[in-house]
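The block underneath contains the structure these notes are about, expressed in structure tokens.
What follows draws every value from the coordinates through simple rules; no lab data is involved. This one's a predicted model, so the numbers in the text were calculated from it and none came from an experiment. Cβ atoms come from the backbone with ideal geometry, glycine included; neighbour counts cover every protein chain shown.
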């Protein structure tokens, strides 16, 4: 049992990180220490465990036993509560330069527990160009015990200047079998674990949700009904409306509780205890509207993410259709829907399936480019209808 | 005592006029050799001000325009106040303050020192805009009734410069009495040029009318985003009403979640639309929306080509 157990199907990466941890230990002990690097860049597809890898590495650096997974240091590092591990997770659409400057200042502090001052940046791709430039200086000339762990989908998401100063760790899509075995280890039923690992296409977090959460399964089934609903033009519009509404609802459920908790926490910290006749604290409305702006940005992103997951499922569905049409010998992602997939495979041509996959991917790009989500999905549904 | 004018407000046109009037007055009274200095308060200290206002060998009268008075330092405020109460009478001082709480001390000090105060507050309500039109026409030597003024404001929008120009033009062309008919003759079609109006003409298949409305809409400052949104909304309504089948607008309105007039209108459009054409039109609008939001070079062009495609699909 160690902190790296959480990292599924990434044996090569774990080996690299463990070597670095040993080097880091000898560096603290003052006996050499070649092999440790102060800036790391974790890349890999969503769900492959970039941030898990970064957190586990942070824990292993803070732990006297190199990541036992049991001690206080390991535990607090993994949950983000460790005093010397700062986890930055940009919640909004982007992360700006002012916030980054603060971050750089904090990263330069000496570690309170005497080991390493670790800064983990999840989604470094959401940093603006100026923000990355603000970070560059400390990555280039790091404080003595500072370690930066950046996570991004690919190296292309970062400026070349930042990229070239980091040691790269590339995570792969974890094999379905590994994901399924891990879910089983967490207590999921064998068949459910296998189904979830496949349907999530190697995205560990999503597989876990699918295995545990009946609502997530239900939602996935609803999304995958869309290909049968686009038989008529009118149906396309209704299916599109359903898909977008469902994404909205899902996003609302995720952020609703966070929003109200943040707002009341801010009111409290500003000293607004309410009651009649009490003056509002100075500067409160400005702080509140700033918070609202950030919450709105997060809501937009959460909604886009929810929609993007649905579109990914949909793209995989047409991929399955193409698999059957071409008679390829690979596993279907949506194996439980084989009859629907087969029916569509029999009644359409591979060419039109390819066009449909293009339409789904085009829709993802359009949503990303800020096209009104409903309009983008409608256009996609109509493209699916036309074949 | 010098002439001191204090312009308070941030309505750009009014501020510019007030400043110009004050400067003109100084020029008229000061003979041919007048030096005009136009400076920002933030870049000025009391020593600079003393230099600008001190007597020179040749230029008898001097005009100093201090803009952005909210950024004035303490010394500068004191210097200006002193200048206002007992300065050289050949000096004219024009101080521009945007209003609001910042640097309120300047306004109060100068007001107390007997400065002539000109209000140039932002014109916010439609009523005030109408009043502005009435005043402008009177200024130009004509008269306009309230209804005509309201029509003109509705046609032109919020830009005061444009409103002012329109007033001058109407008086020059028509003469002293301006009525609603005159305004309509000059600005017909403009007030109704919203994104919705463009989209309505487009789904009716009338390319010429749709493009004309679109140009008017751009001229009144309608954002292209609203055009693609309205097009998408109209096409969506057509599809949903079409899918609902036959029925009276009143019975369909409930299940569709739309007001009956909207259903009735869509049923009228439905005759022109075939399912395939509808699909092509929506896809074109989605492409245009991406173009408008930054994927293309020219938002207006993207909106225009979407309008043409949609109108073309309607006629098909």
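Here are the numbers for the structure shown:
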read-out	value
Tilt relative to chain A, helix A:97-107 - C-alpha long axis, 0 to 90 degrees, to 10	50 degrees
Overall Cα dimensions of segment B:3-119 - principal axes, largest extent first, Å	40, 29, 24
For segment A:245-372, the fraction of alpha-carbon pairs in successive 10 Å shells from zero, as %	11, 27, 21, 16, 11, 8, 5, 0
For peptides A:121-128, B:285-292, A:231-238, A:139-146, sequence by mean Cβ density within 10 Å, most packed first	B:285-292, A:121-128, A:231-238, A:139-146
Prolate/oblate/rounded label for segment A:102-166 (Cα gyration tensor, a/c 1.5)	prolate
Virtual paramagnetic centre 7 Å along Cα→Cβ of residue B:37, amide N under 14 Å, in segment B:94-132	B:94-95
For residues of A:225-236, the mean tally of beta carbons on other chains within 10 Å	3
Residue mean of other protein chain beta carbons inside 10 Å, A:362-373	4
Difference of contour (0.36 nm per residue) and Cα-Cα distance, residue A:159 to residue A:308	51.1 nm
Relative contact order %, chain A, counting alpha carbon pairs below 8 Å whose residues are six or more apart	15 percent
Global size of segment B:124-188 as Cα Rg and Dmax, reported in angstrom	10.0, 29
Ellipsoid equivalent to segment B:191-316 - semi-axes via the Cα gyration tensor, in Å	25, 15, 13
For chain A, radius of gyration divided by Kirkwood radius, i.e. Rg to Rh on alpha-carbons	1.01
Highest-fluctuation residue, A:245, A:272, A:308 considered, GNM on chain A with Cα pairs under 10 Å	A:272
Cα extents of segment A:150-272 along the three principal axes, largest first (Å)	51, 49, 36
Mean-position separation - Cα centroids, segment A:2-26 and segment A:146-187, in angstrom	13 Å
Mean projected area in nm² (Cα convex hull; one quarter of hull surface) for segment B:102-256	14.8 nm²
Gaussian network model of chain A, Cα within-10 Å springs - most flexible of A:355, A:282, A:343	A:282
For the protein assembly as shown, calculated [θ]222 nm from helices alone, where every DSSP H run of n ≥ 4 adds -39500 (n - 2.57)	-19500 deg cm²/dmol
Rounded D (µm²/s) - the protein assembly as shown, Kirkwood Rh over Cα pairs, Stokes-Einstein at 20 °C, 1.002 mPa s	68 µm²/s
Cα gyration tensor category, rounded, prolate or oblate, for segment A:1-85 with a/c compared to 1.5	oblate
Relative compactness, segment A:3-170, computed as alpha-carbon Rg over 2.2 N^0.38 Å	0.95
Residue of A:58, A:20, A:83 that the Gaussian network model of chain A assigns the largest fluctuation, springs spanning Cα pairs under 10 Å	A:83
Efficiency of FRET between residue B:179 and residue A:106 - r from beta-carbon atoms, R0 56 angstrom, step 0.05	0.20
Calculated FRET value between residue A:168 and residue B:135, using beta carbons and R₀ = 56 Å, to 0.05	0.20
Per-residue mean of C-beta atoms belonging to partner chains within 10 Å, peptide B:284-294	5
Three semi-axes of the equivalent ellipsoid, chain B, Cα gyration tensor, whole Å, largest first	56, 22, 17
